[in-house]
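Visitor: Following this message is one structure expressed as structure tokens.
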Amino acid sequence: MTTSTQGESAAAAPLLDLQALAVAVRRRRRLWCSLALLGLLIGAATAVLLLPRPAAMTKVLVAHQEDQPNDTGTLIRTDVELLGTTRIAAQALHSLKSSEKPEDFMPDYRGTGLTNNLLRIDVTGDSDAQAVARAKALADAFIADHVRRMREAAQAESKTLLGQRDRMQGELAQVNKEIGGRSPKGDPKESASTESLFARRAELTSRISDFGQRAEEARIGTPKVVSGTQIVDAPRAVRHSLPKTVATDAAIGLALGLVLGLAVAAVGAVVADRPVLRRDIAANLGASVLAELPRRSGRRWQRRRTRAARERLTATLARTVRGSEEPVSLLELGCAHSTSLLARDLAGALAAEGPVVVVDGLPGPQLAGRRPKPGGPTVVSGECAAAGAPDELRLGVGSVAPGTAWTDLQYLGTRTVLVVRAGHGSTAWLHTVARQLADQRIPVIGVVLIDPDPRDRTDGTLWDGLHIALRGRGERSARQNGGGTPPATAGGTPTHAVKAVGEGRRRTERQPLWAARVPDNEQEAR
């Protein structure tokens with residue numbers, strides 16, 4: 001029957017653990033700090049290597065015939081677009097006596113409308129003098145074009161108004177002629193017609209006066225536009241501050257690199273799915289966390305605290321090994337060097353009460369390849385391990401990293417302490433380790449966590465079942481008379497099977513060992 005505890009815990013687990021994500025991102029600070037530093041260097045190098053071209057600027061006050069107080073900037077935007085035409089560019093190049101094409105010159109300058117009547121012109125060149133000359137030529141060409149357009153518009157308007165006035169004057173002359181041909185004395189019908197002619201003459205006279213006045217205003221308004229459009233800020237070179245540019249570009253590169261690094265670290269943490277919190281590691285391995293040790297000695301003021309924690313852990317493991325009826329092993333995951341140091345300290349503590357043999361099953365010459373110290377414990381490799389003396393205490397050291405020969409772990413020790421580096425193994429591999437140890441009937445006493453997060457406040461103790469306590473504290477029944485472990489040959493394989501003493505003697509029934517309740521992709525522990 002499937003247990004319901006696992007289903008309830010899986011249902012209660014959040015889809016994305018923000019606490020674990022924050023810890024994982026913080027642990028990968030080397031990545032995002034490196035990217036932030038790289039962005040800073042790239043930004044600073046860009047500012048130094050890609051220096052801006054020499055530039056100049058000038059400001060032009062533009063007067064419009066149609067200026068209104070409520071103008072939304074339409075007129076100045078039109079002027080900006082007119083500045084970026086080939087006609088203005090060609091006139092400026094002509095005044096500079098340059099053979100450059102207008103199409104090639106246009107990308108080197110731009111106009112910006114600051115207010116409804118103020119236009120700024122920014123120009124670049126090969127030198128400051130050339131940039132200033134280009135700015136002046138552009139400003140003069142724009143002013144000349146603007147004045148010409150305003151004059152043409154005023155002249156066209158004045159010509160139209162004067163044409164209307166002349167037409168009405170001809171009509172007025174015709175009316176005066178008709179009035180002059182009438183006799184003073186006539187019938188009442190002719191008197192009414194004469195009155196209408198007088199009224200028409202008055203209307204034409206008024207309209208002729210109006211058209212004349214409007215034509216005069218149009219001519220008078222042009223000088224105001226001409227005099228109002230002028231350069232108000234003489235062309236001058238724009239000075240670039242290299243330190244300011246470097247600082248600005250470096251800050252932008254730093255921000256972009258930091259954001260990119262944090263994003264990469266967060267995505268990598270989610271995809272890798274490597275538990276870093278003690279509660280997750282304990283839950284996936286099915287064993288409580290006994291102690292924590294930093295990966296390195298740390299700063300000078302932290303070394304005493306690290307040394308004290310290592311001594312306490314060594315004393316605890318020494319008491320556990322002495323009180324155990326079965327051999328104990330240390331199995332590492334991602335921390336072979338720390339495990340070898342812990343094994344040497346533990347063997348040194350045990351050597352005070354009797355001979356100790358350390359069986360080195362770690363990949364590489366972690367223990368067996370070192371020169372033994374006088375009076376220290378004997379270290380043998382898994383290939384050279386032989387049956388020890390009855391009073392000899394054996395301590396196995398191995399690995400549960402990918403590629404482990406699982407069937408050889410029981411010859412290192414029938415009980416084990418897992419030494420796991422936080423954030424090294426994935427969730428799937430922690431499940432694999434827990435299931436393989438359960439299949440080999442190797443109880444896990446506990447977990448020693450290496451390189452934990454200093455801000456981790458989660459609980460690494462499991463309280464959700466009796467099988468956890470049995471796995472942590474339970475002793476196996478006597479496997480053989482006198483204890484000890486089977487000898488190993490090359491590759492860590494046994495040379496002979498352990499047999500019970502006496503054929504007629506009935507072996508004591510061993511306690512059931514529960515498999516770690518860890519979920520799998522397709523099934524769950526039953």
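The values are calculated or read from the model by the stated rules, or taken from the named source; none is laboratory data. Small disclaimer: the values here were computed from a predicted structure and weren't measured. Virtual Cβ from ideal backbone geometry, glycine too; neighbours counted across all protein chains shown. Protein only, heavy atoms only, side chains kept; ligands, DNA and RNA dropped before computing areas. Shrake-Rupley method; radii C 1.70, N 1.55, O 1.52, S 1.80 Å.
Visitor: Any residue at all in region 112-119 that is surrounded by 13 or more Cβ atoms within 10 Å (Cβ to Cβ) and within 20 Å of R53 (Cα to Cα)?
Guide: The answer is yes; a qualifying residue exists.
Visitor: Also, quick follow-up: Does region 120-131 contain any residue that is open to solvent by less than 40 Å² (accessible area, probe 1.4 Å), in a helix (DSSP H, G or I) and not small (G, A, S)?
Guide: Scanning region 120-131 turns up no residue that is open to solvent by less than 40 Å² (accessible area, probe 1.4 Å), in a helix (DSSP H, G or I) and not small (G, A, S).
Visitor: Is it the case, given these coordinates, that A63 is among the small types (G, A, S), more than 24 Å from A153 (Cβ to Cβ) and in contact with a Gly (Cβ under 7 Å, 6 or more places away or on another chain)?
Guide: Numbers: among the small types (G, A, S): yes; more than 24 Å from A153 (Cβ to Cβ): no; in contact with a Gly (Cβ under 7 Å, 6 or more places away or on another chain): yes.
Considered against the rule, which asks whether it is among the small types (G, A, S), more than 24 Å from A153 (Cβ to Cβ) and in contact with a Gly (Cβ under 7 Å, 6 or more places away or on another chain), A63 comes out as no.
Visitor: Could you list, in sequence order, the residues of region 259-272 that are more than 12 Å from A24 (Cβ to Cβ) and open to solvent by less than 60 Å² (accessible area, probe 1.4 Å)?
Guide: G261, A263
Visitor: Restricting to region 209-235, what's the tally of residues that are at pLDDT below 80 and not small (G, A, S)?
Guide: The number of residues fulfilling the criteria is 13.
Visitor: Another question, then. So A156 ticks every box in (1) open to solvent by 20 Å² or more (accessible area, probe 1.4 Å); (2) in a strand (DSSP E or B) but one. Which box is left unticked?
Guide: All conditions are met except number (2).
Visitor: Working only within region 61-102, note down all residues that are charged (D, E, K, R) and out of contact with any helix residue (DSSP H, G or I) (no Cβ under 9 Å at 6 or more places or on another chain).
Guide: Let us first name the residues in region 61-102 that are charged (D, E, K, R), namely 66-67, 71, 77, 79, 81, 87, 97, 100-101.
Correct list: D71, R77, E81, K97.
Visitor: Consider A237 carefully, then state whether it is touching a residue at least 12 places away in the same chain (Cβ under 8 Å), surrounded by 13 or more Cβ atoms within 10 Å (Cβ to Cβ), closer than 29 Å to T46 by Cβ and touching a Pro at 6+ places or on another chain (Cβ under 7 Å). If you could, list the steps in order and put the result at the bottom.
Guide: Working: touching a residue at least 12 places away in the same chain (Cβ under 8 Å): yes; surrounded by 13 or more Cβ atoms within 10 Å (Cβ to Cβ): yes; closer than 29 Å to T46 by Cβ: yes; touching a Pro at 6+ places or on another chain (Cβ under 7 Å): yes.
Yes; evaluated as a whole, the condition is true for this residue.
Visitor: Tell me which of these G472 doesn't satisfy, since it passes every other one: (1) more than 46 Å from the chain's Cα centre (by Cα); (2) modelled with pLDDT under 85; (3) not aromatic (F, W, Y).
Guide: G472 satisfies every listed condition except (1).
A quick yes/no check of all residues on (1) modelled with pLDDT under 85; (2) open to solvent by less than 10 Å² (accessible area, probe 1.4 Å):
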site: N284; (1), (2): no, no
site: S288; (1), (2): no, no
site: R295; (1), (2): yes, no
site: R300; (1), (2): yes, no
site: R305; (1), (2): yes, no
site: A318; (1), (2): no, yes
site: S324; (1), (2): yes, no
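Visitor: What do you reckon, is L138 in a helix (DSSP H, G or I), within 44 Å of the chain's Cα centre (by Cα) and in contact (Cβ under 8 Å) with a residue 40 or more places away in the chain? Even if it seems obvious, please write down each step before you answer.
Guide: On the way: in a helix (DSSP H, G or I): yes; within 44 Å of the chain's Cα centre (by Cα): no; in contact (Cβ under 8 Å) with a residue 40 or more places away in the chain: yes.
So L138 does not fit the description; no.
Visitor: Mind listing whichever residues of region 50-98 are open to solvent by 70 Å² or more (accessible area, probe 1.4 Å), part of a loop (DSSP other than H, G, I, E, B) and on the phi < 0 side of the Ramachandran plot?
Guide: L50, L51, R53, Q65, E66, Q68, P69, N70, T72
Visitor: With respect to L430, is the statement that it is in a helix (DSSP H, G or I), of a type outside the set (S, T, N, Q), modelled with pLDDT of 85 or more and in contact with a helix residue (DSSP H, G or I) (Cβ under 6 Å, 6 or more places away or on another chain) true? Break it down into steps so the answer makes sense when it comes.
Guide: On the way: in a helix (DSSP H, G or I): yes; of a type outside the set (S, T, N, Q): yes; modelled with pLDDT of 85 or more: yes; in contact with a helix residue (DSSP H, G or I) (Cβ under 6 Å, 6 or more places away or on another chain): yes.
Criteria met by L430.
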